[in-house]
Each structure stands twice: as C-alpha cells, then as structure tokens.
Amino acid sequence: MPAISVPALLHALPDPVLLADGDGYVTDANPAARELLGAGVPGLHLRAVFRQPEVSAALDRVARDGGVAEADLLFSGESTDTRWRVTLYCPAGGGWVVSLRDVSEIVAAEAQRRDFVANVSHELRSPLTVLAGFIETLQGTAGADPDTRAEFLDIMAQEAARMTGLVADLLSLSRVENAQRIRPRDPVSPDAVVRATVAALRPQAEAAGVRVDLDLPADLPEVPGDHDQLVQVFCNLLENALKYGARGGRVEISGTQLAQVAGIDGPAVRIRVQDWGEGVDPVYIPRLTERFFRVDKARSRESGGTGLGLAIVKHIVARHRGRLVIRSQPGQGACFDVLLPLAPQG
Ligand SMILES: Nc1ncnc2c1ncn2[C@@H]1O[C@H](COP(=O)(O)OP(=O)(O)O)[C@@H](O)[C@H]1O
Ligand SMILES: [Mg+2]
C-alpha cells in the first residue's frame, strides 16, 4: 500500500494547517488555511501571516526553545469576529507546522458561563443583604416593638420568597437544558394545557383586575410534547401578560392550526398570548429571552420577577422543535406566539 503523501494529508485536514521552512517561510497551506488566511499565504513569513503580538511572542519562544507553543488569535470579519487557537510546532529536524482551531464557540460559552455566575450571585446578594439588615435590626431594640417586628418580618418573608422563586427558576432552567436533546413525544392537548394554565393563574388575574379570554377551536389537534413543560411555558407568558399588560384589562389566549410555518416541517399549532398593556420597544425584543434580561429591572423585581421566565420559555419551545415569535409596540401591548410542530421534526 503506498504511503499517504504530506500534501494529501494536509488537504484532508479540516482545520487550517501551514508548513514553513526553517527560516519561517510558508511552503504549504491546506485549503482550509488558504480560505482563512488568503490564497497568497505560501511564500510569506509566518510573522507576516500572523501579525498579532501574542503569536509573534510564541514564535520567538519556539524558535529559541523548540517544542510547541499555543497562542490565541482574533480575526475580525465583516459581520462576526472569530477566535482561533494557533499551535506552533518546531520539530527537531527543523521547519514549522502551524495549525489553527476555531475556538469561537468555546470562548463564547465560557463568557456566557461567567456572566451567568455573576448574575446569579448578584441576584442572590441583594435579598440576602436586605435579610441580614433586618435580622440585625430586629436583634436590636427595634425588635421589641410588635408593629415594627410584624412589618419587618413581612419584608423578610418577601425577600425569602424572591430567593425561593429564583432558585426554582434556576432549577427548571437547568432541568430543561439537561433534557434539551430528548424530544418530548407524549400526545398533548393544547386546549388542556391552556386551561390548566388559566386555572393556575386565576388568583393573579383577579388580583390584577384582568379578564382572560380564550379562543380555542374545538378541533385543535394534539401535539407531541411534554404537558407539564408546556403548562410552564404558558404560565410564564400569561404571568407576564398579567404583570406587564395589566393596563389593557384583558389578555387573550387563542389557538390556530396552521398548514405551514417558516422553520417548521409540516403543519403546526399556534398558541398566541396577547395583551394590550404597555408593550416593549422592538429594539429589546431580541434580548427578552436572554437570561436575566429585563427592560425595567426594578419593576420586574418589585413584582417578584427573576428575568428567567422567557429564557425558560425559549428553551422549552426549542426542546419541542417549535418557535417563539414576539411582536410588540410601546403602548400597544405584546403578542407572544408559540408555534408547535404537529409531526416529529427530523
Ligand atoms: N407581556 C409583556 N409586555 C411587556 N413587556 C414584557 C412582557 N413580557 C415580558 N416582558 C419584558 O420582558 C422581560 C423578561 O421577562 P421574563 O423573562 O418573564 O422576566 P421577568 O418577568 O421575571 O422580569 C420583563 O422584565 C419585561 O421587561
Ligand atoms: Mg416573567
């Protein structure tokens, strides 16, 4: 069997790879490298190919000590930046092997995780600070007065409830994320889901003075899904409509079967939760499903919001291979469409 040639091997590698001679001039670049660094790369010096100081320093290190070094590289494209990890290898016989790996996703995931931890800590710290302050006050002379005590204990109970809510939302977010790859397949009646949702939130609707109207055709088909998770989707949406849309005095939940929807194979069921409240500026719409994103932080907190409700909705809908479409105009209310495929998606 003939041995595989170096050019054939280079050609086959999906990651960009360059070979250079002992002086550092590129002798070979595989197609992935030409695509990333330009077709004119062969003949250039490695320093001219990678003009970033971190790579130059790594080149110096390997040229001096031999062996291997890694450096991170940023490419600013027209629409997106990509991050690459460059591995520089100087074999004992001389020359260079330089390979690149796209680490953009890893870097983004790390940043997201750091943000998440910082956010969670921050969200837990404020109620804890309040609790600690009131405990200290109650331990002092103020604790002797029954009225003050009752008032403080009320606030403390609210803060404890907020932390419980946050932990509950964090746990459901992590449960949904863990189950993300397992497609829910039970036949679920959208009608039953919506009715369970409305029953669960009836007290909130009454307290907010909001009428909840249902418009669900009797022939609305079942969808493959997870009943409890879908109830959670509509609880989060209805809760928001009651909170941020109360001014309209009315929320409508309607169901429709659609023959075709962009992004979904085959027919789908659309459940729409619409309110006529304050709405949101469309510039915020793409961010609403981000964890901890709230248009008005203080206001959301006041009403016990965690900023995780729509992030949970997004994950559950994604698990169902469905789509969430949000439309709103300030002062004209908000409309949340949950589109669920009728047939299992490929
Ligand atoms: N029906 C709605 N009308 C106006 N704004 C809304 C509506 N639903 C959600 N929002 C905005 O989206 C943000 C994120 O919602 P969510 O993830 O449920 O968090 P939370 O309700 O805990 O603040 C809310 O803080 C609010 O600013
Ligand atoms: Mg919410």
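State yes or no: is residue 280 aliphatic (A, V, I, L, M), in contact (Cβ under 8 Å) with a residue 12 or more places away in the chain, away from ligand 2 (no atom under 12 Å from the Cβ) and farther than 30 Å from residue 346 by Cβ?
yes
Name the residue, out of 154, 213, 169, that is surrounded by 13 or more Cβ atoms within 10 Å (Cβ to Cβ) and of a type outside the set (S, T, N, Q).
Values: 154 fails: surrounded by 13 or more Cβ atoms within 10 Å (Cβ to Cβ); 213 fails: surrounded by 13 or more Cβ atoms within 10 Å (Cβ to Cβ).
One residue alone meets the criteria, 169.
Please list, ordered by first then second residue, the pairs with beta carbon atoms under 8 Å, 6 or more apart or interchain, first in region 66-82 and free of Cβ contacts under 8 Å to residues at least 60 places away in the same chain, second assigned to a strand (DSSP E or B) and of a type in the set (Phe, Trp, Tyr).
Taking only residues 6 or more apart or on different chains, the pairs are 67/89; 68/89; 72/84; 73/84; 74/84; 75/84; 81/75; 82/75.
Per-residue answers, yes or no, for (1) more than 16 Å from ligand 1 (Cβ to nearest atom); (2) touching a residue at least 60 places away in the same chain (Cβ under 8 Å); (3) aliphatic (A, V, I, L, M); (4) under 13 Å from residue 273 (Cα atoms):
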| site | (1), (2), (3), (4) |
| --- | --- |
| 192 | yes, no, yes, no |
| 204 | no, no, no, no |
| 220 | yes, no, yes, no |
| 223 | yes, yes, yes, no |
| 227 | yes, no, no, no |
| 238 | no, no, yes, yes |
| 241 | no, yes, yes, yes |
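Name every residue in region 213-252 that is more than 16 Å from ligand 2 (Cβ to nearest atom), in contact with a strand residue (DSSP E or B) (Cβ under 9 Å, 6 or more places away or on another chain) and aliphatic (A, V, I, L, M), in order of residue number.
214, 216, 220, 223, 230
For the subset of region 328-338 comprising residues that are outside any loop (DSSP other than H, G, I, E, B) and over 19 Å from the mean Cα position of the chain (by Cα), which member is nearest to ligand 2 (Cβ to nearest atom)?
Out of the qualifying residues, it is 334.
Exactly one of (1) of a type outside the set (D, E, K, R); (2) in a helix (DSSP H, G or I); (3) modelled with pLDDT under 95 is unmet by residue 184. Its number?
Condition (2) is where residue 184 drops out.
Quickly run through region 33-64 and pick out the residues that are without any contact (Cβ under 8 Å) to a residue 24 or more places away in the chain and either assigned to a loop (DSSP other than H, G, I, E, B) or buried (at least 18 other Cβ atoms within 10 Å of the Cβ) (or both).
Once the filter is applied, which keeps residues that are without any contact (Cβ under 8 Å) to a residue 24 or more places away in the chain and either assigned to a loop (DSSP other than H, G, I, E, B) or buried (at least 18 other Cβ atoms within 10 Å of the Cβ) (or both), region 33-64 yields 37, 38, 39, 40, 41, 42, 43, 44, 51, 52.
Just checking, does region 100-121 include any residue being over 23 Å from the mean Cα position of the chain (by Cα) and either at pLDDT 95 or above or surrounded by 14 or more Cβ atoms within 10 Å (Cβ to Cβ) (or both)?
Yes, the conditions are met somewhere in region 100-121.
Among the residues of region 272-287, is there at least one that is closer than 22 Å to residue 186 by Cα, more than 16 Å from ligand 1 (Cβ to nearest atom) and among the charged types (D, E, K, R)?
Step one: filter region 272-287 for residues closer than 22 Å to residue 186 by Cα, giving 272.
With more than 16 Å from ligand 1 (Cβ to nearest atom) added as a condition, the list becomes none.
Looking through region 272-287, none of the residues is closer than 22 Å to residue 186 by Cα, more than 16 Å from ligand 1 (Cβ to nearest atom) and among the charged types (D, E, K, R).
Please pick out the residue among 154, 145, 186 that is of a type outside the set (A, V, I, L, M, F, W, C) and in contact (Cβ under 8 Å) with a residue 24 or more places away in the chain.
186
Look through region 290-321, keep the residues that are part of a loop (DSSP other than H, G, I, E, B) and among the polar types (S, T, N, Q), and return whichever of them is farthest from ligand 1 (Cβ to nearest atom).
That would be 303.
Looking only at residues that are at pLDDT 95 or above and farther than 17 Å from residue 236 by Cα in region 260-275, which one is nearest to ligand 2 (Cβ to nearest atom)?
269
What residue, among those in region 297-322 that are of a type outside the set (Lys, Arg) and more than 12 Å from ligand 2 (Cβ to nearest atom), is surrounded by the most Cβ atoms within 10 Å (Cβ to Cβ)?
316
Kindly indicate whether any position in region 110-122 is over 27 Å from residue 315 (Cα atoms) and either in contact with a Phe, Trp or Tyr (Cβ under 8 Å, 6 or more places away or on another chain) or of a type in the set (A, V, I, L, M) (or both).
Scanning region 110-122, I find no residue that is over 27 Å from residue 315 (Cα atoms) and either in contact with a Phe, Trp or Tyr (Cβ under 8 Å, 6 or more places away or on another chain) or of a type in the set (A, V, I, L, M) (or both), so the answer is no.
So residue 211 clears everything in (1) within 16 Å of ligand 1 (Cβ to nearest atom); (2) under 31 Å from the mean Cα position of the chain (by Cα); (3) modelled with pLDDT of 95 or more except one condition, right? Which one?
The one condition residue 211 does not meet is (2).
Could you list, in sequence order, all residues of region 60-98 that are touching a Phe, Trp or Tyr at 6+ places or on another chain (Cβ under 8 Å) and either under 18 Å from residue 21 (Cα atoms) or not assigned by TED's automatic domain parsing to the domain that holds residue 23 (or both)?
Scanning region 60-98 gives 62, 67, 68, 86, 88, 89, 90, 96, 97, 98.
The values are calculated or read from the model by the stated rules, or taken from the named source; none is laboratory data. What you see is a predicted model; the values in this text were computed from it and never measured. Because the Cβ atoms are built from the backbone with ideal geometry, glycine has one as well, and the counts that use them run over all protein chains shown.
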